[in-house]
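Visitor: I'd like to ask some things about the structure below.
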Amino acid sequence: MESLKPTIEEIASVANYLWQKGWAERNSGNISARVTGMLSSGFQISASPDVSLLQESFSRLAGDLFLVTGTGCRMRDVYQEPEDHILLIRITTEGDRYEILFPVSEKIPDLQPTSELISHLMIHQYLKEHKPARKVIVHTHPSELIALSHSPVYKEERVLNRLLWGMLPETLILVREGLGVVPYRTTGSIELARASIRALRDHDVLLWEKHGCLAVAPSATEAFDLIDILVKSADILFKCLHAGYTPEGLTDDQLDELRQRFNHT
Ligand code: 13P
Ligand code: ZN
C-alpha cells in the first residue's frame, strides 16, 4: 500500500477541506481516484476478496483499480483515519463486478464503496477515454451552489455561469468552461450518472440540482479548487444580495478582455 499512500493522504486532506468548509454534513460527499498501475509489485491481495455485482458493465475499466470513500463515512473521519474509510477496489476482467482488495478493517468490517459508485465508475470510464489526465472525482454539498440551483432563474446554465464569472476575475480564469448544470435526478441512480456524463463533455465541474457539486481533475486538490472558486463567486453574490443590493458584476467587455488575455475561446 506504500505506493498509494500519497494519493490516500491527498484524499484525506481534501476530505478535511470539505468538512472545514461546511460542505460535508454527516456522510455527505465522496471521492474516488483511478490508481491503476500505482500498486507496488509486492502488494499482497487478500486471499478471498469480496466480489460484488455492478448494475452496469464497465468493460473499458476491466482490471482498473480505484480508491473510493466508503458509503456512510463522514469526511472528517476519512481525514482522521483514511485507511479505515477508503477502499481499494478492482473491476474484474469481465467488467461487471468489483472486488474489494482493501481494507479488511476491523473497525468497519463490512465497509462498502460510496452509494454513488455507479456515477463514479461511469464518469471514470468516460474520463479514461476522453480526458485521461483527470483521474479523481470529488463530490460534495456546498450550500451556496445548491441554493442557487433552487432558483428557476439561476439554475439556467448560461445565466448561472455569466453571473458567477462576473463576481471576480479568477472564476473565469480558473473555471473557464463554467459549471455544467445537471437537472435533478435521484441520488445514486444510473440516470444521475448518465446525465453527469453528458454534462462532462463541456465541463469539469457539475452542479447536481438541489443536491451538490462534482468535479473531475488530475488530483483531489485540483478538483476541490474548482468547486472552491465557484463557491467564492456564489458567496460574493449572496453577500451583496444580503447587504441589500444586486452586484454590478464584471461587464461583458471586461469578461471578453479576460478571455483574450488568458487565451480563452
Ligand atoms: P455516500 O455516503 O454513500 O458516499 O453518500 C454521500 C452522498 O453525498 C450521496 O450523494
Ligand atoms: Zn451527495
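The values are calculated or read from the model by the stated rules, or taken from the named source; none is laboratory data. What you see is a predicted model; the values in this text were computed from it and never measured. All Cβ positions, glycine included, derive from the backbone under ideal geometry; neighbour counts span all protein chains shown.
Visitor: Failed condition for residue 110, given (1) within 16 Å of ligand 1 (Cβ to nearest atom); (2) touching a residue at least 24 places away in the same chain (Cβ under 8 Å), with all others met?
Guide: Of everything listed in (1) within 16 Å of ligand 1 (Cβ to nearest atom); (2) touching a residue at least 24 places away in the same chain (Cβ under 8 Å), residue 110 misses just condition (2).
Visitor: Can you tell me how many residues in the stretch 11-56 are surrounded by fewer than 20 Cβ atoms within 10 Å (Cβ to Cβ), at pLDDT 95 or above and not in a loop (DSSP other than H, G, I, E, B)?
Guide: Adding up the residues that qualify gives 4.
Visitor: Check residue 60 against each of (1) more than 11 Å from ligand 1 (Cβ to nearest atom); (2) part of a loop (DSSP other than H, G, I, E, B); (3) charged (D, E, K, R); (4) in contact (Cβ under 8 Å) with a residue 60 or more places away in the chain and name the one condition it does not meet.
Guide: (2) is the only condition that residue 60 fails.
Visitor: Return yes when residue 216 is among the hydrophobic types (A, V, I, L, M, F, W, C), buried (at least 19 other Cβ atoms within 10 Å of the Cβ) and touching a Cys at 6+ places or on another chain (Cβ under 7 Å) and no when it is not.
Guide: no
Visitor: Let me ask another. Say whether the condition of being in contact with a helix residue (DSSP H, G or I) (Cβ under 8 Å, 6 or more places away or on another chain), under 26 Å from residue 192 (Cα atoms) and exposed (fewer than 15 other Cβ atoms within 10 Å of the Cβ) is met by at least one residue in the stretch 57-78.
Guide: So far as the stretch 57-78 goes, yes, one or more of its residues are in contact with a helix residue (DSSP H, G or I) (Cβ under 8 Å, 6 or more places away or on another chain), under 26 Å from residue 192 (Cα atoms) and exposed (fewer than 15 other Cβ atoms within 10 Å of the Cβ).
Visitor: Identify, from the list 222, 257, the residue that is surrounded by fewer than 19 Cβ atoms within 10 Å (Cβ to Cβ) and over 14 Å from the mean Cα position of the chain (by Cα).
Guide: Matching residue, one of 222, 257: 257.
Visitor: Could you give me the residue pairs with C-beta distances under 6 Å whose first residue belongs to the stretch 188-209 and is at positive phi, whose second residue is surrounded by fewer than 24 Cβ atoms within 10 Å (Cβ to Cβ) and in a loop (DSSP other than H, G, I, E, B) wherever it lies, and which are 6+ apart or on separate chains?
Guide: Close Cβ pairs (under 6 Å, with a partner that is surrounded by fewer than 24 Cβ atoms within 10 Å (Cβ to Cβ) and in a loop (DSSP other than H, G, I, E, B)) amount to 188/115.
Visitor: To continue, here is another question. Quick check on my filter: what residues within the stretch 141-161 are without any contact (Cβ under 8 Å) to a residue 24 or more places away in the chain and crowded, with 16+ Cβ neighbours inside 10 Å?
Guide: Result: 154, 161.
Visitor: Considering every residue within the stretch 15-37, establish whether at least one is of a type in the set (A, V, I, L, M, F, W, C) and over 30 Å from residue 235 (Cα atoms).
Guide: Yes: one or more hits.
Visitor: A further question on this structure: Can we say residue 131 is surrounded by fewer than 19 Cβ atoms within 10 Å (Cβ to Cβ) and either small (Gly, Ala, Ser) or closer than 23 Å to residue 229 by Cα (or both)?
Guide: Yes: the conditions hold for residue 131.
Visitor: So, of the residues in the stretch 177-187 that are within 12 Å of ligand 1 (Cβ to nearest atom) and either in contact (Cβ under 8 Å) with a residue 40 or more places away in the chain or within 17 Å of residue 126 (Cβ to Cβ) (or both), which turns out to be surrounded by the most Cβ atoms within 10 Å (Cβ to Cβ)?
Guide: Among them, the one singled out is 185.
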